[in-house]
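Working notes, structure below.
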Amino acid sequence: MNILRSFARPMLAAPFIVDGLDALARPSRHVEKFEKVAPTLERAGLPPVLTSDARMLTRASGAVSLVAGLGLAVGRAPRTNATILAALNIPLTVVNNPVWAVKGTQARKEALSGLLRGAALGA
């Protein structure tokens, strides 16, 4: 592995690892964000079974994010772990940055910025 990859992979994986740890240790903040957008997601076709236990869903996605992030950071199956993180990042970015639900110009700019940042990480 060249020197650039030895630094780039852990740096790219770091936000996923930190967010995964946070979702496992303190899921309440993540659950609050999810519950704010859950009605909109259900109207869009998300099965109600996924919204029935938001705390377990939060912890499960946190565990997947943590394990895949650690795998990417250490170079274990990096393509597989990057694919898992990209697929997991799409719904998390939508839940964490609900551009359609925020009021005010500044809040909308922040949500849009977060949505674009999340899309860039997932791409």
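Can you give me the Kirkwood hydrodynamic radius for region 60-123, using every pair of distinct Cα atoms, in Å to one decimal?
Working: mean 1/r = 0.0797 Å⁻¹.
Hydrodynamic radius (Kirkwood, Cα pairs) of region 60-123 is 12.6 Å.
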Could you check the spin-label model distance between Ser52 and Arg26? Points 7 Å from the Cα along Cα→Cβ, value in nm. 3.0
Using only Cα atoms, find the angle between the long axis of helix 54-74 and the longest principal axis of the chain, and express it within 0 to 90 degrees, rounded to the nearest 10. 20
Starting from the 7 Å offset along Cα-to-Cβ, what nm value, one decimal, do you get for the label separation of Thr105 and Thr83? 4.5
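Mind ordering 107-115, 68-76 by average Cβ neighbours within 10 Å, highest first? It would help to have the intermediate numbers written out before the result.
Details: 107-115: 14.0, 68-76: 18.7.
Going by the mean number of other Cβ atoms within 10 Å, highest first, we get 68-76, 107-115.
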Residues of region 43-81 with backbone N under 14 Å of the label point set 7 Å from the Cα of Glu35 along Cα→Cβ are 51-58
In degrees from 0 to 90, rounded to the nearest 10, what is the angle of the helix 78-96 Cα long axis to the longest principal axis of the chain? 20
Cα-based Rg / Dmax (Å) for the chain: 15.3, 47
May I ask which residue of Leu66, Val37, Leu12 lies farthest towards the positive end of the charge dipole of region 1-83, with charges of +1 (Lys, Arg) and -1 (Asp, Glu) on Cβ and the Cα centre as origin? Leu12
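Each value in this text was obtained by applying a stated rule to the coordinates, not by laboratory testing. These figures come from a predicted structure and were not determined experimentally. Backbone-built Cβ (ideal geometry, glycine too); neighbour counts: all protein chains shown.
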